[in-house]
Amino acid sequence: MKHSLVFFIILCPLISLPSTGQKEVMRNQPYADLKLYHFGFHIGVQAQDLLLYHNGEEIDGEQWFAEIPSYSPGFSVGVMVDFFLNLYVNFRITPTLHFGDRNFLFREQRTGELFSTTSRSNYVTLPLDFKFSSMRINNYRPYLLSGIYGAIDIGRKKGNPILLRQVDYGLTFGLGCDFYLPFFKFCPEFRLCFGIPDLLETDRHDLIDHDLAKYTRSLRKATSRMVVFTFYFE
């Protein structure tokens, strides 16, 4: 996630640089950006992450620490409605379904004992974004976006060693580029999502094996993070 954030920060100013020495070509769909509203769909891949906060306390003589050592790519699909505000700003709604999981690795500090588990999530999200576009350059147009999102996990299963709350919300930032093809726009986009609430479910009466509760008790808080790479067809 840190590398993705650095990549995002570096690219932000680059896509807004003015174009010099561009040779004019015939423009596809010259009035596409003047529509009051238009629709589209998108598919992509994403990786879900969590920012973990530890208690640092001993539990029955043990002290466990957790991490998410690797990311498992997931699949995303959704639709899009875009509303024209002015030549450089649009408002868009993109209901999306994200299929993914998070892999936890717990380590006991003294003995080095390891325990791993996976939390699967199928999130239905509703991002509300403002899209800030640059001037169109021939048949492409870079843009930035920012907004908020709400999410509900429809794939949550109780009984897992780590259980996350069903509802999430947060902030989203991204960048992309519109490519104007003869019959539609093709738009690759990179997006970062930062969750705000604590997702860690601490009331674990659902556990049959109560010894598993020590993994939840070793954590104080968990907030979501997600990296999404999407292809829009508008």
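Annotations
- Among His98, Ile154, Leu52 the positive-end extreme of the charge dipole of the chain (Cβ point charges): His98
- Sorted fewest first by neighbouring Cβ atoms within 10 angstrom, Lys214, Lys157, Lys23 come out as Lys23, Lys157, Lys214.
- Each residue of segment 222-234 was assigned a 3J(HN,Hα) from its phi angle through the Karplus expression (A = 6.51, B = -1.76, C = 1.60, θ = phi - 60°), giving 8, 10, 7, 9, 8, 10, 10, 10, 10, 10, 9, 10, 10 Hz with x at Gly and Pro.
- Using the Karplus relation 6.51 cos²θ - 1.76 cosθ + 1.60 with θ = phi - 60°, the per-residue 3J(HN,Hα) values for segment 42-48 come to 8, 9, x, 10, 8, 10, 9 Hz, with x marking Gly and Pro.
- Modelled spin-label separation between Asn86 and Ser70, with each label point placed 7 Å from Cα along the Cα-to-Cβ direction: 4.9 nm.
- Sequence of Asp33, Asp168 once ranked by neighbouring C-beta atoms within 10 Å, starting from the fewest: Asp33, Asp168
- Nearest-0.05 FRET efficiency for Ile148 and Leu34, computed from C-beta distance (R0 25 Å): 0.40
- What the phi angles of segment 124-133 give under the Karplus curve with 6.51, -1.76 and 1.60, with θ = phi - 60°, is a coupling list of 9, 10, 10, x, 10, 10, 9, 9, 10, 9 Hz, glycine and proline written as x.
- Once divided by 2.2 N^0.38 Å, the Cα radius of gyration of the chain becomes 1.22.
- Dipole check for the chain: with +1 at the C-beta of Lys and Arg, -1 at the C-beta of Asp and Glu, and the Cα centre as origin, the magnitude is about 820 Debye.
- Taking amide H positions as modeled 1.01 Å from N, with prolines and chain starts lacking one, the residues under 5 Å from Leu219 and 5 or more places away or on another chain are Asn55.
- Under a model in which nothing but the beta-carbon of Lys, Arg (+1) and Asp, Glu (-1) is charged, segment 120-234 shows a dipole of about 160 debye around its Cα centre.
- In range of the label at Lys158: residues from segment 204-234 whose backbone nitrogen is under 18 Å from the point 7 Å along Cα→Cβ: 204-214, 216-217
- When you filter the GluC sites (Glu not before Pro) in segment 31-93 for DSSP loop state and at most 13 other Cβ atoms inside 10 Å of their Cβ, you are left with Glu57, Glu58.
- Shape parameters for segment 24-88, alpha-carbon atoms, Rg then Dmax in Å: 23.4, 72
- Mean-position separation - Cα centroids, segment 178-234 and segment 81-119, in angstrom: 2
- The chain: angle of helix 2-14 to the longest principal axis, Cα-based, in degrees nearest 10: 20
Every read-out reported here was derived from the displayed coordinates using simple, explicitly stated rules and does not represent laboratory data. This structure is a prediction, so every number in the text was calculated from the model and none was measured. Neighbour counts run over all protein chains shown; Cβ positions are idealised from the backbone, glycine included.
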